[in-house]
Amino acid sequence: MSQDSVDTDSKAIEVEVDAPLGVITLAEAKRRNPLSATTMGAITSTLQRFDADPAVRVIVIRALGPAFSAGHDLTELVDRTLDDERAIFAACTEMMAAVHAVRQPVIAEVAGIAFAAGCQLVATCDLAVAGESARFSTPGVKIGLFCSTPMVALTRAIGRKRAMKMLLTGDVIDAATAADWGLVNDVVPDAELSSAVTDLATRIASSSASTLAIGKSAFYRQIDQSEPDAYAIMGETMATNAMTCDAQEGISAFLGKRQPVWTDS
């Protein structure tokens, strides 16, 4: 596995490429991996770099230590101007948008706690796998800072009533509840978490990269549309997808009872 350097003073993340996977690791374990402005900027730029790297077909976001992420770096939110505060949350929004904008599926590998903006990042990722000891919360209400930006991703992942309860109480939910509510896809024994995520990512990466990119983009374009509008948009998407080299190859391979050879085009 090759390790790339990350241009950040804090060295808060580590970046690795082990084709076909690109891995972003939150590396401030002693501080429970806070999402500082620098960290969020580094994640955003790394996602964009992976987006342009043909060797990276799936992206994994994971963390070192007892926490996936405890959320925003609260030291950056004290005694600041309104413009300073706006800049922090703009960086957060940019990072979350980048998760959806990159062509690759992004998988959260969640060990330990994922609180506040950390929970938001899990909810934003395309897929999430949690270790059985993982815990999730949006506890901002307890410190006078309602988790309004985490609410955006959380509500879309688990629905109104469940999200509102988490947001109003700050209660912690366990991994099994997170899976039942749709915040994560799967829960596995802690010792098997890394291998389970690698297996899932590798299986996804075996498909055509161009087809995965088309599908991911299409998912987010249709999800908030009315049903008639979604069908209209997706009908055109499927028609143009069918004209791609890999769709023609995949269909021909299926009909010919052979394995497809992808060109990623």
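The values are calculated or read from the model by the stated rules, or taken from the named source; none is laboratory data. Owing to the predicted nature of the structure, the values given are computational and were not obtained by experimental measurement. As a convention, Cβ positions derive from the backbone with ideal geometry for all residues, glycine included, and neighbour counts pool all protein chains shown.
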- For the stretch 222-233, does any single residue satisfy the condition of being surrounded by 14 or more Cβ atoms within 10 Å (Cβ to Cβ), within 30 Å of C119 (Cα to Cα) and at pLDDT 95 or above? yes
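Let me confirm something: among S208, S137, S194, which residue is among the small types (G, A, S) and either within 15 Å of the chain's Cα centre (by Cα) or surrounded by fewer than 20 Cβ atoms within 10 Å (Cβ to Cβ) (or both)? Let's see the steps before the verdict.
Values: S208 fails: either within 15 Å of the chain's Cα centre (by Cα) or surrounded by fewer than 20 Cβ atoms within 10 Å (Cβ to Cβ) (or both); S137 fails: either within 15 Å of the chain's Cα centre (by Cα) or surrounded by fewer than 20 Cβ atoms within 10 Å (Cβ to Cβ) (or both).
Answer to the check: S194.
Which residues, taken from the stretch 101-111, are among the acidic types (D, E) and free of Cβ contacts under 8 Å to residues at least 60 places away in the same chain? Outline the logic, then answer.
Here is the first cut: in the stretch 101-111, the ones among the acidic types (D, E) are 109.
Correct list: empty.
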- Message: Given the options A98, A91, name the one that is surrounded by fewer than 22 Cβ atoms within 10 Å (Cβ to Cβ), touching a Leu at 6+ places or on another chain (Cβ under 6 Å), without any contact (Cβ under 8 Å) to a residue 60 or more places away in the chain and not in a loop (DSSP other than H, G, I, E, B).
- Response: A98
- Note on the structure: Only unsatisfied item for F146, checking (1) free of Cβ contacts under 8 Å to residues at least 40 places away in the same chain; (2) buried (at least 24 other Cβ atoms within 10 Å of the Cβ); (3) assigned to a loop (DSSP other than H, G, I, E, B), is (2)
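For the stretch 48-65, indicate whether the set of residues that are farther than 23 Å from R103 by Cβ, loosely packed, with under 15 Cβ neighbours inside 10 Å and modelled with pLDDT under 95 is non-empty.
No - not one qualifying residue is present in the stretch 48-65.
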- Task: Tell me, yes or no, whether the stretch 172-193 has at least one residue that is over 21 Å from C125 (Cα atoms) and either of a type outside the set (V, I, T) or not assigned by TED's automatic domain parsing to the domain that holds L64 (or both).
- Result: yes
